[in-house]
Amino acid sequence: MFIEEKTSLAEEIEFLVIKYGNDRSALLTILHDIQKKHRYISDYAQQEIARHLNIHPVEVYSVISFYSFLNSTPKGRNIVRICQTISCDMKGKDVLVRAIERELGIKIGDTTKDNKFTVEYANCLGLCDESPAMSINDRVYTKLTPEKAIQLLSEVK
Amino acid sequence: MEIIKKNRKGEVIFSQYKRGDGIKKTVTLKREEILLELKTSKLKGRGGAGFPTSTKWMLTAASISDEKYIICNADEGEPGTFKDRVLLVEYPELVMDGMVIAGYTIGAKKGIIYLRGEYEYLLKSLQDYLQEMRKDNLLGKDILGKEGFEFDIEIFLGSGAYVCGEETALIESLEGNRGEARNRPPYPVNTGYNGKPTSVNNVETLAAIPHIICKGASWFLNVGTDKSAGSKLFSVSGDCEKPGVYELPWGTTINELLNLVDAKNTKAVQIGGASGFCIPKSQFDRKLSYEDVSTGGSVIIFNESRNMLKVLKNFMEFFVEESCGQCTPCRIGNVKLLEGVEMIEKGEHTFTYLNKLKDLGKTMQVASKCGLGQSSPNSFISILENFKDEVLNYSNGGNNGRI
Ligand code: SF4
Ligand code: FES
């Protein structure tokens, strides 16, 4: 990480600590904001957050590793999640996954070479009445066909 | 996100209600009067556990503390459940008014909505809604002119962990920790969020409150059965023509529900999601109610073409992924049950071993620390018992198709 990057990240964290407070209970909200902007929470960010909240960095890591939406390693610019739970499974999630894997040339769980997409499974997106469902970043899409899903991905910048 | 309010029909939740009406009535009442009305209504928690709401509120109200909290558990992660989504999108007035009424009754100044991370796209519309409420003095200081009545609501976004639907795990998560269930006692009603008395209520439970306050307990008691008062929202998905959210009185039979949603050739219904029970056709006349088939509301329908072993595998994979790993029966148990399913798949199981696994499931039900591990063996046991012939593939010599 370049020095400038570090400084701006440190400033960002300081700002978030002012905004949400330096209480332990602010931890997840801070992590969430950092993740949203940087798509992952770097070691450096973890240390900085720990320092401000007066906890051990391993505590921060332990929290990150617990939640499936938080990552300590970089992911693609866009996160695609395909629901794998039962109702979506019954309505053809397998076909969807295979089509996306073929189209992007990666396996589920991986990130494309150009860093554009990370494709993952999700557990029930709460859209089972309109299954199969998928999310791209914080938007959700339902009643998908492989064609429609690929079309959606092609529209992502 | 565009909000389209469907023309939903129902006797309680989806009946007529105007925003703020419940709060207007509330400020004219004493806390005890509200608690009594709730008690008379026999309203029980709609999340699945079915604890009487009045008792929970009474205990929180009775706890002495300068700070108290009311938490709306909007972390619905049960496979096949989406009723909370519909309530938050189409009926925020019910959920929010319910929280304000709760705040007044238990003496809390702050409400927190724990919104599951998967519903992040609802965040903006909910925040806008809260802002409108503040403008109309339905939130804030001296609400509706009632001196000293102060209450506001904040939204906290979850980060993708099913176990956080369990109330103590949810509180841990709010406090900035891993979402791991706590030992009980102490209970949240006296030692909850930040160690303060906290009442954690399901979205649907809160949505029933303004109706009860406005229309009275006896109106509520008119719907449902003796032991299960009122109605229930069901999230219906799977093999049927009309999936969606339905409000039905408690006591409706599974058959009636299947007719309503146009389900054909149904062979099984999973009631209560992955952590619930799989009910075979022979029992479709059973009643959805606390005294018979109790449920948080997820109904997944399987027709004749479905392979129940595949269904079971999907459920067990879910639990292996979602166990918080804190206690052994759940952490190891779910893995063992999944291995068992895989053995059956390959035709490598022995009956002695399967029976041992069922025993293991029963051990998990009593020895696990929280609801996740206590309920995850339900589908394993019920599918193995109710669909034995199919799952073990007797017609193929018990070898699951392999010769
Ligand atoms: S039962 Fe499972 S989810 Fe619950 S505390 Fe134990 S390991 Fe965690
Ligand atoms: S099972 Fe896919 S959204 Fe619920």
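No lab work stands behind these numbers, since they all come straight from the coordinates. Small disclaimer: the values here were computed from a predicted structure and weren't measured. When we count neighbours, we look across all protein chains shown, and the Cβ atoms used for this are built from the backbone with ideal geometry, even at glycine.
Per-structure values
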| item | result |
| --- | --- |
| Trypsin sites (Lys or Arg not before Pro) restricted to DSSP loop in the range B:265-337 with at most 15 other C-beta within 10 Å | B:ARG286 |
| Residues in the range B:93-116 that a label on B:ASP142 would reach, taking backbone N under 13 Å of a point 7 Å out along Cα→Cβ | none |
| Largest-first principal axis extents, alpha carbons of the range B:206-276, Å | 41, 23, 21 |
| Additional length obtainable on full extension of the chain from B:THR40 to B:GLU339, 0.36 nm per residue less Cα span | 102.9 nm |
| Cα-based convex hull volume of the protein assembly as shown per residue, rounded to whole Å³ | 157 Å³ |
| Gaussian network model of chain B, springs between alpha carbon atoms under 10 Å - residue of B:GLY230, B:GLY179, B:GLY371 with greatest fluctuation | B:GLY371 |
| Within the range B:298-367, GluC sites (Glu not before Pro) in DSSP loop having at most 11 other beta-carbon neighbours inside 10 Å | B:GLU304 |
| Simple spin-label estimate for A:ILE55 and B:ASN307 in nanometres, 7 Å along Cα-Cβ | 4.4 nm |
| Förster radius 45 Å - calculated FRET efficiency between B:GLN131 and B:LYS30, Cβ distance, rounded to 0.05 | 0.90 |
| Residue order, fewest to most beta carbons within 10 Å, for B:GLU241, B:GLU204 | B:GLU241, B:GLU204 |
| Point-to-point label distance, A:HIS38-B:LEU221, nm (Cα→Cβ direction, 7 Å offset) | 5.9 nm |
| Listed residue pairs exceeding 28 Å between alpha carbons, taken from A:LYS19/B:LYS18; A:LYS107/B:LYS356; A:LYS143/B:LYS310; A:LYS143/B:LYS227 | A:LYS19/B:LYS18; A:LYS107/B:LYS356; A:LYS143/B:LYS227 |
| Cα shape, chain B, gyration tensor, a/c 1.5 rule | prolate |
| Structure-based [θ]222 nm, the protein assembly as shown - -39500 (n - 2.57) summed over DSSP H runs of at least 4, per residue, nearest 500 | -13000 deg cm²/dmol |
| Dimensions (Å) - the range B:1-91, Cα atoms, principal axes, largest first | 42, 31, 26 |
| Cysteines in chain A that, by Cβ-Cβ distance, have no pairing candidate under 4.7 Å | A:CYS124, A:CYS128 |
| Choice from B:ILE209, B:ILE332, B:ILE13 with maximal GNM fluctuation in chain B (Cα, 10 Å cutoff) | B:ILE332 |
| Centroid-to-centroid separation of the range A:14-44 and the range B:103-149 [C-alpha atoms, Å] | 24 Å |
| Amide H contacts under 5 Å for B:PHE277, placed H, 5+ residues apart | B:ILE271 |
| Most fluctuating residue given options B:GLN127, B:GLN270, B:GLN16, as computed from a GNM of chain B linking Cα atoms under 10 Å | B:GLN16 |
| Cβ-based exposure ranking for B:LYS56, A:LYS37, B:LYS356, in which fewest neighbours within 10 Å come first | A:LYS37, B:LYS356, B:LYS56 |
